[in-house]
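Structure record follows, encoded as structure tokens.
None of the figures in this text is laboratory data; all of them are computed from the coordinates on show. Everything numeric in this text was worked out from a predicted model, so none of it was measured. For neighbour counting, all protein chains shown are included, and Cβ atoms are generated from backbone atoms with ideal geometry for every residue, glycine included.
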Amino acid sequence: MTRSTPAVRAEGLRKNHGGTAALAGLDLEVPAGTVFGLLGPNGAGKTTTIRVLATLLRPDSGYAEVCGHDVVRHAGRVRSRIGLTGQYASVDELLTGRENLVMFARLYGLATPRARARAEELLDRFDLTDAGDRRAGGYSGGMRRRLDLAVGLIQRPRVLFLDEPTTGLDPRSRLGVWGSVRDLVEAGTTVVLTTQYLEEADRLADRVAVIDHGRIIAEGTPDALRARVGGDRLDVIVREPSDLTTVSDLLRTALDTPITVHREEHRVSAAAPDRLSVLTLAVRALDGEAARIVDVGVRRPALDEVFLSLTGHAPTGSGSPERQPRS
């Protein structure tokens, strides 16, 4: 597989669970050496997609390949080239971190000396050496997830699937996992992750696919997806609802762009195709109106807004597992 060859490719994947379509003709292509985010609500089909690509589920129809190998006909070849970390840490809590890594390495077929050496390499890589002889049951949530990532890397996978990698973690632990993911990609691993955390997709993914009802409904870079809901915009927050009319009239006079009043939010907004120019003109127009203004700024649409625009509902952000009939 070269950089020009997709690390993952799927065409028309379909999978039913008890008569319910978990995947309904999903198409996907993941460039090698990138982070690709699958973003969607509970039950959208994210986990099912990962399970099919990781050879844990057989699709009802369609085609998928990982590292150039068919996930159905050449499942063994695919498994030898991938790593998988699920929503919940799969380590044995009664074993130490070091013992967990040695055990999994032996299960992957490494001889005992090599398994021990690989365990040491991974403990060091994920900053777990000092905790290597402690039982995993005593690890913090972030440490468990790092240990789980280490397990997924024992056989040096070319593609690593991460299903909800930061579910249930506190912000500090989440940042630590994000750092580990970036390091993996810099070392040449392709990462495919599912997430409900919009910030996670924004911070990590080179490309994002929004999945809903078993289909990809939008795909692109985070910035390209934002552009679909109007690109950058000027927001002026006023102190009182009575200030909205004055501020909106001033902006209509100053700007050659439609003005929108959001009364419940005490906000006046306008498209800002040229961020600096629009902000400069707005500030000049509002000069002398400081008593009415709480804040003025140009901002990019959040992925939350993109998600809402594309799916018709807000993301859950709960990090909870998908409903089983659909995932």
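Quick one: work out Rg over Rh on the C-alpha atoms of the range 198-267, Rh as Kirkwood radius.
That ratio equals 1.15.
How big is the dipole moment of the range 233-299 about its Cα centre under a simple scheme where the beta carbon of each Lys and Arg is +1, that of each Asp and Glu is -1, and everything else is neutral? Debye, nearest 20, please. Don't skip to the end; give the middle numbers.
Details: 9 positive and 11 negative charges, 26 e Å.
Using only the charged Cβ atoms, the result is roughly 120 debye.
Mind listing which chymotrypsin sites (Phe, Trp or Tyr not before Pro) in the range 1-107 are in a DSSP loop and have 15 or fewer other Cβ atoms within 10 Å?
Here the sparse-neighbourhood loop sites are Tyr88.
Of Ala272, Gly142, Thr129, which is farthest along the charge dipole of the chain in the positive direction, counting Lys and Arg as +1 and Asp and Glu as -1 at C-beta?
Positive-end residue among those listed: Thr129.
Which FRET efficiency value, to the nearest 0.05, do you get for Glu264 and Asp130 by plugging their Cβ-Cβ distance into 1/(1 + (r/R0)^6) with R0 = 35 Å?
0.10
Report for the chain the percent antiparallel among DSSP-assigned beta bridges with both residues inside it, nearest 5.
Looking only at bridges with both residues in the chain, the antiparallel portion is about 65 percent.
Report, in debye and to the nearest 20, how large the dipole of the chain comes out about its Cα centre when Lys and Arg carry +1 and Asp and Glu carry -1 on their Cβ.
Once rounded to the nearest 20, the dipole reads 1320 debye.
List the GluC sites (Glu not before Pro) within the range 10-109 that DSSP assigns to loop and that have no more than 14 neighbouring Cβ atoms inside 10 Å.
Glu93
Tell me the mean residue ellipticity at 222 nm calculated for the chain from its helices only (DSSP H runs of n ≥ 4, each -39500 (n - 2.57), averaged over every residue, nearest 500).
Values: 11 runs with 111 residues, N = 327.
When only DSSP H runs of four or more count, the value is -10000 deg cm²/dmol.
Hey, if you put +1 on the Cβ of every Lys and Arg and -1 on every Asp and Glu Cβ in the range 8-227, which of Leu193, Thr20, Ala119 ends up farthest toward the positive end of that dipole?
Towards the positive end, the residue furthest out is Ala119.
Can you run the Rg to Rh ratio on the range 233-299? Use alpha carbon positions and the Kirkwood inverse-distance Rh. Write out the running numbers ahead of the final one.
Values: Rg = 10.4 Å, Rh = 11.4 Å.
Result: Rg/Rh = 0.91.
Kindly state, as a whole number, the per residue volume in cubic angstrom of the convex hull around the alpha carbon atoms of the range 1-60. Present the calculation step by step, with values, prior to reporting the outcome.
On the way: hull volume 5.1 nm³, N = 60.
Given the Cα convex hull of the range 1-60, per-residue volume reads 85 Å³.
With a Förster radius of 25 Å, plug the Cβ-Cβ distance of Leu94 and Ala117 into 1/(1 + (r/R0)^6) and report the FRET value to the nearest 0.05.
0.60
Of (1) 29; (2) 53; (3) 40, which one was derived for percent of Cα pairs over 32 Å apart from the structure shown?
(3)
Classify the range 104-168 as rounded, prolate or oblate, taking a ≥ b ≥ c as the square roots of the eigenvalues of its Cα gyration tensor: rounded when a/c is under 1.5, otherwise prolate if a/b is larger than b/c and oblate if not.
Oblate shape, in that a/c is at least 1.5 and b/c is the bigger or equal ratio.
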